[in-house]
Amino acid sequence: MGTRARSASPGYLLQPRNLGRRAVAQPALHTTDPPSSRGVAVDLVGAVLRHKRPLDDAIEENTEMAALAPRDRAFARLLVATVLRRLGQIDALIAHCLNTPLPPRAAMVHDMLRLGIAQLLFLRTPPHAAVATTVDLAGSRGFPTYKGLVNAVLRRLSLEGPALVAAQDAPRLDTPAWLWDAWAIAYGEATARDIAAAHLKEAPLDISAPRDPEKWAQALEATQLPTGSLRRHTGGAIMSLPGYKEGGWWVQDAAAAMPARLLGSIAGARVLDLCAAPGGKTAQLAAAGGQVTAIDRSPRRLQRLKTNLARLHLEAEFITADAGSWRPPEPAPFVLLDAPCTATGAIRRHPDVPHLKSMDDVTRLAAVQERLIEAAIEMLAPGGTLVFCTCSLEPEEGPHHIARLIARGAPVERRPVRPEEVGGLSECLTADGDLRTLPCHLAERDGLDGFFASRLVRVG
C-alpha cells in the first residue's frame, strides 16, 4: 500500500474476493424519492471524474443540489471534496478488496464505494451509517444486485481500513504522476512531498477586510496573518457571517491577496485589471483608491464581479473583452494581469484540479499567458508598473515567462519584491525577487495557496 496502485477506473473495477457469483449490472435509475446529500454527491463525483466537469460548474448545474437544505448541501460538497482529495488512497483500498472487473456500465457502483470509504475512513462517519447509506444508495440507483458487494467491501474496510490507511503513502498516492514529477523537478522531492501533504487538508477561510481589519477579526473570530489577511478556522455559511451583507469584507486566499499589493500606492491612478473575474483583486484595487477598469471576456463572470463590488460599496469600470486584443484609449500607469492558468496552486480549495488538468493544459495555457503578457506590456505607460501573476505551481506558467521576456530584451525590467511587502515572509520570495508561495509555506498557520507573481516596470 506504500506504492501507487493502478488506477481503479471503471474498466478495472473488481469484485470482492470470495463474495459469491458475479452480480449482473442494472442500469442506474433515479427514484422519485427526495434528493439526498449522498445521492447528489455520487452524481457530482461522476460529473468530475468521468465527464470532466469542474466541481463548481457541476454543483451549479445540479438541480438536486440546489433543492437540498444548506446543511445537506455542505455535507454533499464535503463528501465529494474528500473523495477527490483522497482518490488515490481510496482507489488503492478498493483494488485491495476486489479481484474481478465490473462492467463499465456499473461505474456508479465504484463511485458509491468511493463515497462510502470516504465517510468510513476519512470523515469518521459511524461505520453502520456509512455502510447502510451506501448500500441503500446502490439499491435506489438501480444497482440492487450490487448491494451485497458494497456491503461486503465496506464492512471489510471498517475492520481492516484504519491499518491499511496508516500504511499508505498518502501524499504520493493522492497526487497524479504528472504533477508529482513536475513538482519534484521544480522544487525538489522533499518540497514536492510537502506540497502534496498540504493538499490533503481543507483550506481555512481567508478574508480581506482592508477598511477595518481589527474590527472584523474580532467579529469573525479570525486571526490576522502577517500579510494582513484574516483567517477564520471555524465553520459557518459565508453569507450568514457578520459583515457579509454590509459589505465589510470579501473572501480571498491570503496568497491571492499579495499580488495586487505589489503595485504600491495607486490612489487616484488608473489601473487596468486584466482577466479580472472573480474579482477579489478588483476589490483590492478599488478599495485602495484606484480608478479601476476591470476587463474579462466572460459576461457571466463579469456580472458576478459587478454584483460583488456593489455589495462591497466599491466602484469600477467594467469591459467585456478579450484582454489579449483589447487596448485602452491611452497607456496606463498600472496594470495587473492575473492570467488564466491550470490553478495547480489552488488544489487545497479545488481538489478537482488534479483530475481535470494535464501537462497538455500547462502547455496550452502557457501560450495564452504569453500572448496576454505581451498585450499587458503594450498597455503600460513608460515608467508604469505591471504585476503578472498566476495561481499555478508550474514554472512554465510563471518564472519561465519572465526569463524569456528579460532574455529577449522586452521593454521591461524586474522590480524585485521585498520581504516587508509580503509580511516578512522571505521564504515566499525567489532569488530573482519574484513572489512564489507554496501550499506548504506558513504551515504553522495552515498554509497558503500556491501563487507566482513578478513585478515589472516599463522602460524607454
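The values are calculated or read from the model by the stated rules, or taken from the named source; none is laboratory data. Note that the coordinates shown come from a computational prediction; the quantities given were computed from them, not determined experimentally. Here Cβ is always computed from backbone atoms with ideal geometry, including for glycine, and neighbour counts include all displayed protein chains. Areas reflect the complete protein model, heavy atoms only, side chains present, ligands, DNA and RNA absent. Shrake-Rupley method; radii C 1.70, N 1.55, O 1.52, S 1.80 Å.
Hand me the tally of lysine pairs in the chain: alpha carbons under 20 angstrom apart, and the pair either on different chains or 8 or more positions apart.
Taking the chain as the scope, the lysine pair count is 5.
Can you tell me the accessible area per residue over region 356-460, all protein chains present, probe 1.4 angstrom, in square angstrom?
Result: 40 Å² per residue.
What does the net charge come to around ASP111 if you take all other residues with beta carbon closer than 9 Å to its beta carbon, with K and R at +1 and D and E at -1?
Neighbourhood net charge equals +1.
Does anyone have the angle between helix 299-311 and the longest principal axis of the chain? Alpha-carbon axes, 0 to 90°, nearest 10?
Compared with the principal axis, the helix lies near 70 degrees.
Given the options GLN303, ILE195, ALA269, identify the residue whose Cα lies farthest towards the positive end of the charge dipole of region 182-325 (+1 on Cβ of Lys, Arg; -1 on Cβ of Asp, Glu).
GLN303
Taking only Cα atoms, what is the 0 to 90° angle, nearest 10, from helix 107-117's long axis to the longest principal axis of the chain?
80 degrees
Could you state the accessible area per residue of region 160-222 in Å², with a 1.4 Å probe and every protein chain left in place?
Per-residue value: 45 Å².
Can you pull the one-decimal nm distance between simple spin-label points at ARG124 and ARG418, each 7 Å off the Cα toward Cβ?
4.6 nm
Give the carbon-plus-sulfur fraction of the accessible surface of the chain in %, rounded to a whole number; probe 1.4 Å, heavy atoms of protein chains only.
Taking all protein chains in place, the chain shows 54 percent carbon and sulfur surface.
Run lengths n ≥ 4 of DSSP H only: what is the helix-derived mean residue ellipticity at 222 nm for the chain, with -39500 (n - 2.57) per run over all residues, to the nearest 500?
After summing the helix terms and dividing by the residues of the chain, the value is -12000 deg cm²/dmol.
Taking square-rooted eigenvalues a ≥ b ≥ c of the alpha carbon gyration tensor, is the chain rounded, prolate or oblate, where a/c under 1.5 means rounded and, failing that, a/b exceeding b/c means prolate?
Because a/c hits 1.5 or more and a/b exceeds b/c, the chain counts as prolate.
Between the helical axis of 37-49 and the dominant principal axis of the chain, each derived from Cα atoms, what acute angle in degrees is found, rounded to the nearest 10?
70 degrees
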